[in-house]
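Scroll down for the structure; my scribbles are underneath it.
What follows draws every value from the coordinates through simple rules; no lab data is involved. Computed from a prediction, not measured in an experiment: that's the story for all the values here. With ideal geometry, Cβ positions are generated from the backbone for all residues, glycine too; neighbour counts draw on all protein chains shown.
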Amino acid sequence: MHPTSSLFDPIKIGDITLANRIVMAPLTRNRAADGLLPGPLTVEYYRQRASAGLIISEASQISPMGQGYLDTPGIYTPQQVAAWRQVTDAVHAEGGKIVIQLWHVGRISHSSLLPGGAAPVSSTSRRPNAMTFTRDGFVPVSAPRALRDDELPGIVADYRHAARCAIEAGFDGVEVHAANSYLLDQFLRDSVNDRSGPYGGSIANRARLLLEVMQAVADEIGAGRTGVRFSPMTTFSDTPRDSDPQALFNYVVDRLAPLGLAYLHVIEGETGGARHPADAPPFDYEALHRRFPGAWMINNGYTRSEGEDAVTSGRADLVAFGRPFIGNPDLVRRLRENAPLNELRADKLYGGGAEGYVDYPALAA
Ligand code: PHB
């Protein structure tokens with residue numbers, strides 16, 4: 001803990017040294033071009049935001065089967081590596097640091113987005129009442145197929161390969177996306193995972209895939225360049241909470257602690273909603289924080305003063321800001337000077353071009 005630190009002080013997390021504790025949270029923008037490549041506008045978007053202590057890229061699928069929404073970028077082909085290299089070079093030229101969020105959506109997908117019109121894959125064959133975005137607009141997700149146990153080594157290998165691609169693309173590290181009811185969360189939660197065998201049933205079995213992925217990624221690129229994101233209390237994408245999220249995540253963090261990961265990133269409460277949902281039982285995030293020796297990153301609607309309080313009190317080492325970074329490329333300066341923030345153009349979040357993407361003004365020099 002750093003009880004006297006401020007949001008604006010540097011910090012070393014694992015092998016990565018950050019200029020401040022203000023993190024740009026991962027934000028889906030659906031602007032990847034043919035080949036699911038980040039293009040020149042995406043280079044400019046991240047370059048503009050490089051004064052963040054750390055940028056976490058938008059969620060990027062680790063394989064064709066990991067995609068769940070239209071025009072999200074990948075990190076598994078040589079062309080994607082070369083395209084992301086333009087982004088990392090631009091951020092580094094501005095003195096910033098950037099990790100990529102490794103994503104497999106599992107059952108939150110639609111067959112029209114998947115190779116050969118395949119069914120999405122998950123821990124279960126049960127379909128949630130969730131929607132996704134395709135060429136035809138918002139549509140219900142397709143019915144998933146439950147992965148066989150003998151397919152899971154291939155999923156772990158895809159994470160490992162994507163992590164290697166990320167380093168080749170010049171990223172400072174990766175964040176494994178184990179939040180928001182996507183594939184790894186679909187294995188963790190007993191509200192979704194209805195398997196028997198080594199990957200279903202007990203907490204230890206439901207955590208097995210995540211722990212294998214974290215070990216593989218850490219072995220591949222170094223634990224000091226690896227982070228992970230959880231959302232123990234979210235019900236995002238029509239996915240009920242686990243029956244005992246405290247026991248589940250206490251176990252998971254106990255098992256991750258010895259790996260020496262750079263950081264753990266937790267979404268508190270409902271993703272993009274209440275940090276303390278009225279319908280949710282209390283969840284003791286500090287119980288996880290106490291178990292974790294790496295840097296502790298919190299997220300979900302923090303204001304400047306709430307974020308500063310969290311860091312000065314030692315409750316967190318880092319605070320991730322999402323929507324404020326979309327509208328404010330110079331968010332760090334605005335927070336430092338307590339300057340007003342630009343309004344977010346909510347109709348420009350997903351898809352489209354420069355508008356609402358790279359045209360938000362910075363403060364005058
Ligand atoms: C989204 O595309 O809406 C999205 C992606 C990743 C998340 C949450 C939401 O973790």
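Using the count of nearby Cβ atoms within 10 Å as a rough guide to exposure, how do 7, 37 rank from fewest to most? All intermediate terms of the calculation are to be shown ahead of the outcome.
On the way: 7 22, 37 18.
Placing the least packed residue first, the sequence is 37, 7.
For residue 127, what charge total do you get from the other residues with a beta carbon under 14 Å from its beta carbon, if Lys and Arg give +1 and Asp and Glu give -1? Write out the running numbers ahead of the final one.
On the way: positive: 107, 126, 145; negative: 194, 238.
My count for the surroundings of residue 127 gives +1.
How high is the relative contact order of the stretch 35-166, given as a whole-number percent (alpha carbon pairs under 8 Å, six or more residues apart)? Each step should come with its number before you reach the end.
On the way: 246 pairs, mean separation 35.4, N = 132.
About 27 percent, as a whole number.
I need the shape label for the stretch 11-348. Rule: rounded when a/c is under 1.5, else prolate if a/b > b/c, else oblate, with a, b, c from the alpha carbon gyration tensor.
Working: a/c = 1.40, a/b = 1.16, b/c = 1.20.
Since a/c stays below 1.5, the shape of the stretch 11-348 is classed as rounded.
How many angstrom lie between the C-alpha centres of the stretch 138-182 and the stretch 293-330?
26 Å
Roughly what % of DSSP beta bridges within the chain run antiparallel, to the nearest 5?
On the way: 8 of 41 bridges.
The answer is about 20 percent antiparallel.
List, in order, the whole-Hz ³J(HN,Hα) value for each residue of the stretch 128-136 obtained from phi through the Karplus relation with A = 6.51, B = -1.76, C = 1.60 and θ = phi - 60°; use x for Gly and Pro.
For the stretch 128-136, the Karplus curve yields x, 7, 9, 10, 9, 10, 10, 4, 9 Hz.
Rounded, prolate or oblate: pick one for the stretch 100-146, where a ≥ b ≥ c are the square roots of the eigenvalues of its C-alpha gyration tensor, a/c under 1.5 means rounded, and failing that, prolate if a/b is larger than b/c, else oblate.
Since a/c stays below 1.5, the shape of the stretch 100-146 is classed as rounded.
Given H placed on each backbone N at 1.01 Å, which residues far from residue 57 in sequence or on other chains put an amide H within less than 5 Å of it?
Residues meeting the amide H criterion: 99, 100, 101.
Convert each backbone phi in the stretch 203-209 into a coupling constant with the Karplus relation 6.51 cos²θ - 1.76 cosθ + 1.60 (shift: θ = phi - 60°), then list the ³J(HN,Hα) values in order as whole Hz, x for Gly and Pro.
4, 4, 6, 5, 7, 4, 4
Would you list 6, 123, 63, 237 from fewest to most Cβ contacts within 10 Å? Please report the intermediate quantities before stating the final value.
Numbers: 6 13, 123 26, 63 19, 237 22.
Sorted ascending by nearby Cβ count, the order is 6, 63, 237, 123.
Short version: ³J(HN,Hα) in whole Hz for each residue of the stretch 112-124, in order, from phi by Karplus 6.51 cos²θ - 1.76 cosθ + 1.60 (θ = phi - 60°), x for Gly and Pro, what are they?
For the stretch 112-124, the Karplus curve yields 5, 9, 10, x, x, x, 5, 6, x, 10, 7, 7, 9 Hz.
Once the other residues with Cβ under 11 Å from the Cβ of residue 279 are scored (Lys, Arg +1; Asp, Glu -1), what is the net sum?
Working: positive: 241; negative: 270.
Counting the neighbours of residue 279, the net charge comes to 0.
If you take every DSSP beta bridge fully contained in the stretch 171-306, what fraction is antiparallel? Give it as a percent rounded to 5. Please list the in-between numbers first.
Numbers: 0 of 13 bridges.
Of all bridge pairs located within the stretch 171-306, approximately 0 percent are antiparallel.
Would you mind counting up the charge near residue 166? Only other residues with Cβ under 12 Å from its Cβ, with Lys and Arg at +1 and Asp and Glu at -1. Please report the intermediate quantities before stating the final value.
On the way: positive: 85, 160, 164, 225; negative: 168, 172, 175, 220.
Here the charged neighbours net out to 0.
Given H placed on each backbone N at 1.01 Å, which residues far from residue 110 in sequence or on other chains put an amide H within less than 5 Å of it?
The list, which skips near neighbours in sequence, is 142.
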